[in-house]
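The values are calculated or read from the model by the stated rules, or taken from the named source; none is laboratory data. Keep in mind the model is a prediction, meaning the values are calculated, not measured. Backbone-built Cβ (ideal geometry, glycine too); neighbour counts: all protein chains shown. Accessible surface areas use protein heavy atoms only, side chains included; no ligands, DNA or RNA. Shrake-Rupley method; radii C 1.70, N 1.55, O 1.52, S 1.80 Å.
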Amino acid sequence: MTTQETIGLFDKYVIGNYGRLPRVMVKGEGAYLYDADGHKILDMFPGWAVSGIGHCHPKVVEAVRKQVGELIHIDNTFYSEPQGKLAQLLSERAFGGKCFFCNSGAEANEAALKLARLCTAKEKYKFITAEGSFHGRTFATVTATAQPKYHEGFLPLLPGFAYIPFNDVKALEAAFTDEVAAVMVEPIQGEGGINVATQEFLSAIRELCDAKGAVMILDEVQTGVGRTGKWFGYQHFDVEPDIITMAKALGGGVAIGAMMAKPEIAATLVPGKHASTFGGNCLACAAAVATIEAIEEDNLLQAAAEIGQYTQDKLRSLKDKHSIIDHVRGIGMMIGIQLTRPGAGIVAACLEKGLRINCTHDTVIRFMPPMTVTREQIDAAVDIFDSVLSES
Ligand SMILES: *Cc1c(COP(=O)(O)O)cnc(C)c1O
């Protein structure tokens, strides 16, 4: 099929709810993507933060191949080894929590919000989230997403949500009534433009939740599973949440989500209260186990921290040359370049030259390379970015 023929199928048969670029991707390998017309693209935003260890990591490919021939899916009527093993690996890398598995970030957050209602006092039904957040597209998670543009057309939303400015301790205190069941924030806002939480803000959430009998939920769907140089974003701070959620990079490209909760909280999620048919299936869990093992065996946390810093330094060095760059921010491989004007044209021009990056909130370029990226690949990516800025 030609590129035009494939695009024709979409025009006719696929709902047009995405703004797609006119390329058909056929192969991925590490930090490279290949399209149907033979272009090789350096991918600094692989799979929208899903392919955290690069496209088709050999260890994930091998684990999936092995699992797919044994048992693809078994329902949660039974036990299965990959799910148990994955839960253990995650628990040992966070706060000794227990896991519930699902298939996406929104579902993981949905589960966290429901659990927060279950494990807190009856009168508590409210949630506090932060402006600029992104928590998903289901009704509860889009309500939690405190950005009006995502709410348009869907009012009235779920009741009980209060929004505060990110990192605003005073607003947090003011919003924290006795009905609050949980506060949910991202340790680093991803879609919101790579905004890093302050220690004060996270500490204040922790203290208020403790004082009021509410639950602290951290949405680690984008920050989780290594990209920041630690397993989870919160580990850069002196704070321990009650619940974390993860998805995106967890399965090395295979769809999986998870919610992890402290055991005493998790104990309130009893049979009948929540479930997911596909959640924790063998294939996805085997892929996630292989992803975690690959990160460990290949020392990718250290790589994410070191090469992430290297990338940030290189991008910062462009600032003197290009007035469009206001500043660079982020942690590890989660990097935002704040521009002084919109960046959509830059993203398109980079793709023409073989570099894939992303622009969010109009003026923030996201550079989120895979943890397996090499310094040479970063050099090549920054060179393309540099040349595009020179021409824009
Ligand atoms: C992407 C994202 C989600 C939603 O995940 P889906 O898998 O698209 O449902 C939720 N929270 C954060 C922080 C995200 O980046």
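Structure notes:
- Qualifying positions in region 346-392 - open to solvent by 20 Å² or more (accessible area, probe 1.4 Å) and assigned to a loop (DSSP other than H, G, I, E, B): K353, H361, D362, T363, T372, T374, S392
- Within region 144-175, if we keep just the residues that are open to solvent by less than 10 Å² (accessible area, probe 1.4 Å) and in contact with a helix residue (DSSP H, G or I) (Cβ under 7 Å, 6 or more places away or on another chain), the residue that is nearest to I243 (Cα to Cα) turns out to be A144.
- Look at region 323-339: where a residue is within 17 Å of Q222 (Cα to Cα) and a partner is of a type in the set (K, R) and open to solvent by 10 Å² or more (accessible area, probe 1.4 Å), sitting 6+ places away or on another chain with Cβ atoms under 8 Å, you get G332/K230; I335/R329; G336/R329.
- Residue list for region 95-113, filter: among the small types (G, A, S) and away from the ligand (no atom under 16 Å from the Cβ): G96, G97
- Looking only at residues in region 114-139 that are within 12 Å of the ligand (Cβ to nearest atom) and touching a strand residue (DSSP E or B) at 6+ places or on another chain (Cβ under 8 Å), the one that is nearest to M184 (Cα to Cα) is T129.
- Region 8-60 holds strands (runs of 3 or more DSSP E) entirely within its bounds, and those carrying 1 or more residues that are open to solvent by 80 Å² or more (accessible area, probe 1.4 Å) and farther than 29 Å from A286 by Cβ map to 40-43.
- In this structure, A286 qualifies as small (G, A, S), part of a helix (DSSP H, G or I) and either within 13 Å of the ligand (Cβ to nearest atom) or open to solvent by 10 Å² or more (accessible area, probe 1.4 Å) (or both).
- For first residues located in region 366-392 and farther than 16 Å from T228 by Cα, partners that are open to solvent by 30 Å² or more (accessible area, probe 1.4 Å) and in a loop (DSSP other than H, G, I, E, B) and lie 6+ apart or on another chain with Cβ distances below 8 Å form the pairs I384/K353; D386/K321; S387/K353; V388/K353; L389/K321; S390/K321.
- Only listed residue being away from the ligand (no atom under 16 Å from the Cβ) and within 16 Å of M216 (Cβ to Cβ), chosen from A175, A144: A175
- Subset tally (residues that are open to solvent by less than 10 Å² (accessible area, probe 1.4 Å) and more than 11 Å from the ligand (Cβ to nearest atom)) for region 253-262: 4
- Within region 217-238, restricting attention to residues that are aliphatic (A, V, I, L, M) and near the ligand (Cβ under 10 Å from one of its atoms), the residue that is most open to solvent (accessible area, probe 1.4 Å) is V221.
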